[in-house]
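Colleague: Before anything else, here's the structure in question.
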Amino acid sequence: MAENTHYTGFAALVGRPNVGKSTLMNGMIGEKIAIMSDRPQTTRNKIMGIFSTEKAQILFLDTPGIHKPLHKLGEYMNQAAIGTLNQVDVVLFVVDASEKKGAGEKFILEHLKKTKTPVLLVINKIDKIEDKNRLLGIMKSYTEEMEFAAVIPVSALEQEGFDELEEEIVRYLPEGPSMFPEDELTDQPMRAIAAEMIREKVLRNTHDEVPHAIAVEINEFKDRPNGSAFIRATIFVERESQKGIVIGAKGSLLKKIGQEARKDIEALTGAGVFLDLWVKVRADWRNKAKALKDFGYKEL
């Protein structure tokens, strides 16, 4: 990399669900843009986070976890992730150091072998490994499968290994000026981020089948004269029983979800927020093309 040269390009984060892709992107850009949860398949759409320095601007694409789809939404999520591989300058294949390589990783590797895009193997969650010598075995198990442009162990949670990761990403970016202002953190409209933050709080406060049946739609988002914002949103579920769970006894859980989501939205916007939440049933929406389109997922 030449001195006094600026680099700008796209880096896609791919991997199976729950390996820490969103945590990694949020940690790199220094703000919470992508929602995080210990639930698999938390990320459903490609979300761009913008990381800017004097030397480079990295446009991170946090993609849905690649998995065996069980419905049309799952098919869309896989297409969104796999379709990104040849549209970026570098791919970050994120794996979990605390878990053995399984069928999910092998499935992704087969797709990575077909791409001409440079692939970095990012071994995440090294903070969970007491014996660091185990890393050599993990590296070997992947590098025997395919040749990577680089292998970088990181802890997204503790932001360890970020400097080396940044250096390796920039190595594969083309020369060029920034595409976005330095203080911009995402290309996502605030409406979309607000919807995702509400969905995250539902994920964290519900159990069993409910989290995967959730969709959030922002019905109204307007600024008030006092500088605050009014947001009216609908949380959609697939069955009447799920509606009762999300609302909770006397509306207690819905109130908690609203309080937690409002706190995150206010932290990101720096302004007060009045959040008005409703819950509605839209039966089997994950298998209906029109519903997927209405909720912001491209038609399959």
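Colleague: From M48, M36, which residue is modelled with pLDDT under 80, closer than 16 Å to E182 by Cα and surrounded by fewer than 22 Cβ atoms within 10 Å (Cβ to Cβ)?
Modeller: Selected residue: M48, the only one of M48, M36 that is modelled with pLDDT under 80, closer than 16 Å to E182 by Cα and surrounded by fewer than 22 Cβ atoms within 10 Å (Cβ to Cβ).
Colleague: State whether the residues of the stretch 144-158 include one that is assigned by TED's automatic domain parsing to the domain that holds I108, out of contact with any Pro (no Cβ under 7 Å at 6 or more places or on another chain) and free of Cβ contacts under 8 Å to residues at least 24 places away in the same chain. Spell out the reasoning first.
Modeller: The first filter runs over the stretch 144-158 and keeps only residues assigned by TED's automatic domain parsing to the domain that holds I108, leaving 144-158.
Pick out the ones that are also out of contact with any Pro (no Cβ under 7 Å at 6 or more places or on another chain) and you get 144-148, 150-158.
Checking which are free of Cβ contacts under 8 Å to residues at least 24 places away in the same chain leaves us with 144, 147.
Within the stretch 144-158, one or more residues are assigned by TED's automatic domain parsing to the domain that holds I108, out of contact with any Pro (no Cβ under 7 Å at 6 or more places or on another chain) and free of Cβ contacts under 8 Å to residues at least 24 places away in the same chain.
Colleague: Taking the residues in the stretch 164-196 that are touching an Asp or Glu at 6+ places or on another chain (Cβ under 8 Å) and either at pLDDT 85 or above or in a helix (DSSP H, G or I) (or both) as candidates, determine which candidate is surrounded by the fewest Cβ atoms within 10 Å (Cβ to Cβ).
Modeller: P174
Colleague: Quick check on my filter: what residues within the stretch 12-30 are among the hydroxyl-bearing types (S, T, Y) and crowded, with 24+ Cβ neighbours inside 10 Å? Reasoning before the result, please.
Modeller: Initially, the stretch 12-30 is screened for residues among the hydroxyl-bearing types (S, T, Y), giving 22-23.
Selection gives S22 alone.
Colleague: Cβ-Cβ below 9 Å, separation at least six or inter-chain, first residue in the stretch 241-260 and within 13 Å of H207 (Cβ to Cβ), second crowded, with 17+ Cβ neighbours inside 10 Å and of a type outside the set (V, I, T): which pairs?
Modeller: That search, which allows pairs on different chains as well, returns Q242/A213; I245/L253; V246/N205; V246/L253; V246/L254; G248/N205; G248/L254; L253/N205.
Colleague: Same structure again: Could we say that R199 is under 22 Å from G27 (Cβ atoms), surrounded by 13 or more Cβ atoms within 10 Å (Cβ to Cβ), in contact with an Asp or Glu (Cβ under 8 Å, 6 or more places away or on another chain) and not assigned by TED's automatic domain parsing to the domain that holds G49 here? Can you show your working first?
Modeller: On the way: under 22 Å from G27 (Cβ atoms): yes; surrounded by 13 or more Cβ atoms within 10 Å (Cβ to Cβ): yes; in contact with an Asp or Glu (Cβ under 8 Å, 6 or more places away or on another chain): no; not assigned by TED's automatic domain parsing to the domain that holds G49: yes.
No: the conditions fail for R199.
Colleague: Please identify the pairs in which a residue from the stretch 101-113 that is without any contact (Cβ under 8 Å) to a residue 60 or more places away in the chain has its Cβ atom under 9 Å from the Cβ atom of a residue that is of a type in the set (S, T, N, Q), counting only partners at least 6 apart or on another chain.
Modeller: K101/S141
Colleague: Here's a follow-up. Considering only residues that are surrounded by 15 or more Cβ atoms within 10 Å (Cβ to Cβ) and out of contact with any helix residue (DSSP H, G or I) (no Cβ under 9 Å at 6 or more places or on another chain), look in the stretch 229-245 and name the one that is nearest to M190 (Cα to Cα).
Modeller: Of everything passing the filter in the stretch 229-245, R232 is nearest to M190 (Cα to Cα).
Colleague: Separate question: Just a yes or no: is a residue in the stretch 164-178 within 17 Å of the chain's Cα centre (by Cα) and of a type outside the set (S, T, N, Q)? Steps first, please.
Modeller: Here is the first cut: in the stretch 164-178, the ones within 17 Å of the chain's Cα centre (by Cα) are none.
No: zero hits.
Colleague: Among what's in the stretch 135-156 and is of a type in the set (G, A, S) and in a loop (DSSP other than H, G, I, E, B), pick the residue that is farthest from H111 (Cα to Cα). Walk me through how you get there before you give the answer.
Modeller: Pass one, the stretch 135-156, residues of a type in the set (G, A, S): 137, 141, 149-150, 155-156.
Filter again for in a loop (DSSP other than H, G, I, E, B), leaving 149, 156.
Details: A149: 16, A156: 24 Å.
Among residues in the stretch 135-156 that are of a type in the set (G, A, S) and in a loop (DSSP other than H, G, I, E, B), the one farthest from H111 (Cα to Cα) is A156.
Colleague: Say we look at the stretch 276-291 and pick out the residues that are touching a residue at least 24 places away in the same chain (Cβ under 8 Å) and among the charged types (D, E, K, R); which of these is farthest from T234 (Cα to Cα)?
Modeller: K288
Colleague: Is one or more of the residues making up the stretch 72-93 within 25 Å of Q159 (Cβ to Cβ), in contact with a Pro (Cβ under 7 Å, 6 or more places away or on another chain), modelled with pLDDT of 85 or more and surrounded by fewer than 16 Cβ atoms within 10 Å (Cβ to Cβ)?
Modeller: There is no residue in the stretch 72-93 that is within 25 Å of Q159 (Cβ to Cβ), in contact with a Pro (Cβ under 7 Å, 6 or more places away or on another chain), modelled with pLDDT of 85 or more and surrounded by fewer than 16 Cβ atoms within 10 Å (Cβ to Cβ).
Colleague: Please enumerate the residues belonging to the stretch 246-276 that are crowded, with 17+ Cβ neighbours inside 10 Å and in contact with a strand residue (DSSP E or B) (Cβ under 8 Å, 6 or more places away or on another chain).
Modeller: Scanning the stretch 246-276 gives V246, I247, L254, I257, G258, A261, R262, I265, V273, L275.
Colleague: Further, regarding this structure: If I ask for residues that are of a type in the set (D, E) and over 16 Å from S22 (Cα atoms), which ones from the stretch 131-165 would you list?
Modeller: Within the stretch 131-165, D131, E144, E145, E147, D163, E164 meet the criteria.
The values are calculated or read from the model by the stated rules, or taken from the named source; none is laboratory data. In this text, all values refer to a predicted model and were calculated from it rather than measured experimentally. In this analysis, Cβ positions are derived from the backbone assuming ideal geometry, glycine residues included, and neighbour counts consider all displayed protein chains.
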